[in-house]
Structures are given as C-alpha cells and as structure tokens.
Ligand SMILES: Cc1cc2nc3c(=O)[nH]c(=O)nc-3n(C[C@H](O)[C@H](O)[C@H](O)COP(=O)(O)OP(=O)(O)OC[C@H]3O[C@@H](n4cnc5c(N)ncnc54)[C@H](O)[C@@H]3O)c2cc1C
C-alpha cells in the first residue's frame, strides 16, 4: 500500500452531481474527500456541451441547486455559458476548489475486501477511499454510430458534445445526424450561416414551443431583494411539472391534448404538406423526451435546409447515403446521436466484492437500490443511477434527493463505527426494481409505441423514474438499514453481520 493517500470519500465527476455531493459532504462536516475529474475544469455536461444554441430545457430557476439560488439567471432557459459559470461559482462559493483534482480520470477501482476500502487508479496516481460516490453523469460519454465509410469521409466530423469551435461552418454543406434535444437546438443556431443543412431524421420528435425570454432587470432585482419571490417562482415551476407526471406514468391517453398543441405548433411554421407528414410523429407524445423549441420548425422551413426522413446508412467519399437511398454531399458531419446511457462507461471500471465488474453485473440491464447502490459493490454509490432520470422536470431535484441518501449513508457508517461497509442486499435490490418495473408497465415510455434511449438493449426501461420527484425524495430521505448487510473487519477478516431489526431477505 506504501504511502498511498487515503480519503473518507472519493467523488468522481464535477458536474451538478459531483459538485452537489461535495457541497453536501462539507455541510455534513466531512472535509476528508476528493472530487476526481477527468477534464481540466469543473462543469460536466455544461463544460462539454458548448454547441451553438446549447441551453437548458427546464427553466433555470428550477434547473439549479435549491441551496445555491441564483437571482441573476439571464434568461428563463439560460444558455450553456451561464450554466457553466453558475457551476464555477458554486465551486468557488462553497470552498470546493481544494478538494477538486482535475485531469484525474478514474481508470479503475477495486473493492479491497480485506481492508474494506476502494483502491482507485487515476490518471494522476493512486489513492484509496472508504466510500466512492460516482457522479460520472448519464449523458457524459458521446455515442458515435458505426457507419460504413465514416473513417474515409474527407470532411470534418464531430459530435455535438465535442463541438470543434476552430472549424468554421459558414458557407459549408453540413449534415446533422439525429433529431434529439441537442440537434433541435443546433439546427436553428447554424442554419442561417451554413450553405446547406441536411438533417437526417430516423424518427421525428414531438416539439413544443419554448417560452424563452430574457429575465428583466426588475425581476432580478425583485428576486435579489425579496428572496421569497424567487422561491415562489421555483415552487410554481416545480408544482406544474409534478402535476404533469400522472399523465406520463398512469394515464398516457390524457396526453392527446398536448399532441394537438404540438401539431398546431408544427403547422404554424411548416406549410409544405410533404414536410409536415415527415415531421409528424406516429407515437404518443412523451414516449421519447418532449423537446422544446420555438425555432426548430421555422428553421426547417428555410430554403437552405433539407430533411431526410431516414437514418444515415453509409458514406461514400463526400456522399452520405440514407437508408431510403437518398444521397447528400457534405463538407461536415455533426453527430447529435446521444450518449452511452444504459451502458454507463464507468461500470467497466468498477470491480466489486466478487471480482466482477459492475458492467458484467449489469449485463442483463442496470439495476440498483433506490437509484444509488448495487449488490456486490459495498460502499459504492452512484448519483443519477438507474431509474432516476426524468421526462419532464429538473434533474437537480433528483440529484438533491440522492445527496440526502448519500448523507444518511455516511451518517449510518459513522454511527456503526470502525472499519465498516454497507452492502446492498440482492433481495432488496430485486424488490426495489420489481416495484419500479411494475409501475413502468403503464407509463408512456413503455406503452407509447416508440424506441428511445430510455430503453436498454433488452427493451427494459432502466433510466427513467416512474413517479413524481416528491415521491423519489421520500424514498431516498434515509437509508433503511434492513436493506443492507453490515460488513465489519473482525480479526483481520471481513465478517458479514445482518443489519437492522427488519429482515429484507424475508420480505423479498
Ligand atoms: C446538452 C444537454 C442539455 C441538458 N439539459 C438538461 C435540462 O435542461 N434539464 C435537466 O434536468 N437535465 C438536462 N440535461 C441532463 C444533464 O446531464 C443533467 O441535468 C446533469 O447536468 C448531470 O450532471 P452529472 O453531474 O450527473 O453529470 P455530468 O454533468 O455529465 O458530469 C459528469 C462528470 O464526470 C466526469 N467523468 C466521467 N467519467 C469520469 C472518470 N472515469 N473519471 C473522472 N471523471 C469522469 C465528466 O468529465 C463530467 O465532468 C442535459 C444534458 C445535456 C447533454
């Protein structure tokens, strides 16, 4: 072991999840922790996604930490520079900088069952930790499709999450692949500048108008002087979204009205019946993430923008060939093809108590206990783990719930005392997932007639939370010790001790 550094908690990632965890640890009086970040600055999603038009699609006053309100959000849906600056500000204000280790990609971590600690290899050296909090993000590693001929494409190629700002798109023939949340922000932002923009669409998204506007000086003044106005605004934004949840999770038939509104939004800008037909989804609204934009359809109606209603199948030199045979010449290809979500890359780098990686453990689908812990991986938890995603509200609400769980987990370890670990019982994990999947059966994500990135290779929805954020808050308020085994070191050997009065095994 030599002189390897040891910390109580190693947090991985410095996006909203990792920085939020760091703030919470300090508030719990824990200062013996590090935040390991692979990049050279903090910010996660909001550092990596700097494409033209990048902005949040949940209003800023809700898409921010409750403990770090920002009366000065510039827009109702603020852009990436403002959100990134906010996260930098959080790192400064809460004294997180001394804990953050940049350029420290975690390459591997192994559970040392003899010492009840994690051995962590990073790009900057090795360390050990009692507890690992993995906040590597659900939308952090870009996914590039394997397209025959792509490697030989003579033009420029990049992913929306790794925008090449040195490449000038002005006057170029650009192909945009994909019609997800990033693509619909990029298309209107670049359409006026490029010579020709061809959008490759496998499935049309449902798009609702986005009521984005500058937040006036008077509003900001009011929010600064009278903080309850800011809190009321946040409360209202939250409440409206909570009320929408039951239509998504229990009564998808109620979504017909929203479909009519979305169709009216489309018809306002798209006058060509053929284009309108290509843009009209054939699945229930909400099945895929509902996208918000008031500029997308007007951009598609521009004379220099074409829609190919078919996926990109092959590239021959400069020519992009769609599955329906359409051929398009391009100078640059921008992939808006999403991220590795259901195959979380960090899972390949975590080796648990049984010597297996988390990826191997999850080979039939991700599952965790309360979105946080996994059987066989003691003292390891993830922020935004399986089934914690949202279709309609702010992920920061879910992150903060998970931080409550993390804080209680650490409290419980302290109360237990000594070298000790908590290991999620398989029966508790199974029970939680059965409940989640049973609730999932009625949701629009499973019944709406689409395939989406919410579903894994087996067609199981392992990403979305099938309830309100309030319900998740309640479920993660504290750690139920009966769902865990307590592992202690006795005479230099780890020994498993049944925890709590209740017996999760029996209840399963
Ligand atoms: C373009 C875009 C727009 C979005 N808009 C919204 C929105 O409006 N509302 C909403 O609720 N959600 C939105 N999201 C989802 C968003 O990802 C979450 O809201 C939130 O930012 C996730 O925070 P995170 O800290 O979990 O992950 P991230 O922000 O992705 O941070 C993860 C961090 O972990 C680091 N990391 C990863 N692997 C390693 C490793 N092996 N070693 C060390 N460091 C590592 C990464 O470099 C990164 O800094 C959006 C996502 C994208 C991509």
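Quick look at the values:
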{"quantity": "20 Å binning of all Cα-Cα separations within the chain, expressed as whole percents from 0 upward", "calculated": "22, 54, 23, 1"}
{"quantity": "DSSP-defined beta bridges in the chain - what % are antiparallel, rounded to 5", "calculated": "50 percent"}
{"quantity": "Rounded, prolate or oblate (a/c below 1.5 giving rounded, otherwise prolate when a/b exceeds b/c) for the stretch 14-100 by Cα gyration tensor", "calculated": "oblate"}
{"quantity": "Residue order, fewest to most beta carbons within 10 Å, for 326, 443", "calculated": "326, 443"}
{"quantity": "Rounded if a/c under 1.5, otherwise prolate or oblate - the stretch 249-407, Cα gyration tensor axes", "calculated": "oblate"}
{"quantity": "Using alpha-carbon coordinates, inclination of helix 256-269 to the longest axis of the chain, degrees", "calculated": "40 degrees"}
{"quantity": "Fewest-first sequence of 380, 163 by Cβ atoms within 10 Å of each Cβ", "calculated": "163, 380"}
{"quantity": "Nearest 10 degrees, 0 to 90: helix 426-440 Cα axis against the chain principal axis", "calculated": "30 degrees"}
{"quantity": "Within the stretch 116-248, percent of DSSP bridges classed antiparallel, to nearest 5", "calculated": "50 percent"}
{"quantity": "Alpha-carbon centroids, the stretch 234-293 and the stretch 358-429: separation in whole Å", "calculated": "32 Å"}
{"quantity": "Crossing angle, helix 80-93 versus the chain [Cα axis fit, 0-90 degrees, rounded to tens]", "calculated": "20 degrees"}
{"quantity": "Least to most buried among 356, 289 (fewest other Cβ within 10 Å first)", "calculated": "356, 289"}
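No lab work stands behind these numbers, since they all come straight from the coordinates. Keep in mind that this is a model prediction, so the values were computed, not measured. All Cβ positions, even for glycine, are placed from backbone atoms using ideal geometry, and neighbour counts span all protein chains on display.
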